[in-house]
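Visitor: I have a structure I would like to understand better, so I am pasting it below and will then ask my questions one at a time.
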Amino acid sequence: MDSPQQQKKAAGFSLDLGPLKEPIGFIRLLEWFFAIFAFATTGGFSGTTHFKVKCPGSDIHDVKPVFGYPFRLPANPFVIPSCNTTAKNQTFLQGDFSSSAEFFVCVGVFAFLYCTATLVLYLGFQYMYRQTTRGPIVDLVVTGAFTFLWLVSSSAWGKGLTDVKWATNPENLVTQCKDICEPGESPSLGRLNASVIFGFLNLILWAGNCWFIYKETPFHKDPIPVEGGPTGP
């Protein structure tokens, strides 16, 4: 007759929501959600900045440069009307901040995929995860690596976002035509601000989860109990 362990192996996937009640599973679920929030608020973003061109004796012209992910700003040309001729001057936003933005989104996507895989492992193949020490050790190493990646990518994207704000600020854009231009509405970047916040929240979650995964490894041992006091004669 097969042992219970052998029966479990033969059964394959067996859904058990119990790990979600434990820190290791619950935090992993939070990481799954926050990874989605991080890359979704950055990828696909599109915004518009605005300034006005006012020529003497002419109507006011609105100029609305468009920009978006991955924030290669020179790839977004816009036209400034000329006051002296009927010709229009084509110019570009300045700055390429795609490396930090794409790195941040890449970390978020891979973190989401890893969370999905480990949640399936926790909830459907828990016996495989715990039957050897290899599973928790690999999980700890990968989680630690993602903690470092969230730190680097969130910091880099935070700096990149600061540069994007400067490059798309109407106050800075009108310096190209300050005699006839005046700043308009600033771009709405609340979604991008949220992405940086989600990045650092992910850093906290992944760093904290390292401790709970560490407790599943053989490296974590309970302290040896202290012997009792001296016995009587």
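Visitor: Quick check: the angle from helix 190-214's long axis to the longest principal axis of the chain, C-alpha only, nearest 10 degrees?
Guide: Rounded to the nearest ten degrees, it is 20.
Visitor: Over 24 Å, how big is the tail of the calculated P(r) for the chain, in percent of all Cα pairs?
Guide: Everything past 24 Å amounts to 60 percent.
Visitor: Can you pull out the cysteines in the chain that have no other Cys Cβ under 4.7 Å?
Guide: Here C106, C115, C210 come out as lacking a disulfide-compatible partner, given the Cβ-Cβ threshold of under 4.7 Å.
Visitor: I want to check a number: in the chain, how many lysine pairs have alpha carbons closer than 23 Å, given a sequence separation of 8 or more or different chains?
Guide: 15
Visitor: Here's another thing I want to ask about it. So how tilted is helix 98-124 from the main axis of the chain? Cα-based, degrees 0 to 90, rounded to 10.
Guide: 30 degrees
Visitor: For G47, what residues show an amide H to amide H distance below 5 Å, using hydrogens built from the backbone and excluding near sequence neighbours?
Guide: Amide H neighbours of G47, under 5 Å, 5+ apart: F67, G68.
Visitor: In addition: Which of the three applies to region 131-204, rounded, prolate or oblate, going by the alpha-carbon gyration tensor with a ≥ b ≥ c and a/c under 1.5 meaning rounded?
Guide: Prolate shape, in that a/c is at least 1.5 and a/b is the bigger ratio.
Visitor: Output wanted: per-residue J couplings in Hz (rounded whole) for region 24-31, from phi through Karplus 6.51 cos²θ - 1.76 cosθ + 1.60, θ = phi - 60°, x for Gly and Pro.
Guide: Karplus-based 3J(HN,Hα) across region 24-31 equals 4, x, 5, 5, 4, 5, 4, 4 Hz.
Visitor: In terms of the Cα gyration tensor, with a ≥ b ≥ c the square roots of its eigenvalues, is region 6-80 rounded because a/c is under 1.5, prolate because a/b exceeds b/c, or oblate?
Guide: Prolate.
Visitor: In degrees between 0 and 90, to the nearest 10, how far off the longest principal axis of the chain does helix 134-167 point, with axes built from Cα atoms?
Guide: 10 degrees
Visitor: Along the Cα→Cβ direction, 7 angstrom out, place labels at V152 and M128. What is the inter-label distance in nm?
Guide: If labels sit at V152 and M128, their model points lie 3.0 nm apart.
Visitor: Shifting gears a bit: Compare P183, P136, P56 in a GNM of the chain, Cα atoms joined below 10 Å, and give the one with the largest fluctuation.
Guide: P56
Computed from the coordinates by the stated procedures, all read-outs in this text should not be read as laboratory data. No experiment lies behind these values; they were computed from the predicted model shown. Backbone-built Cβ (ideal geometry, glycine too); neighbour counts: all protein chains shown.
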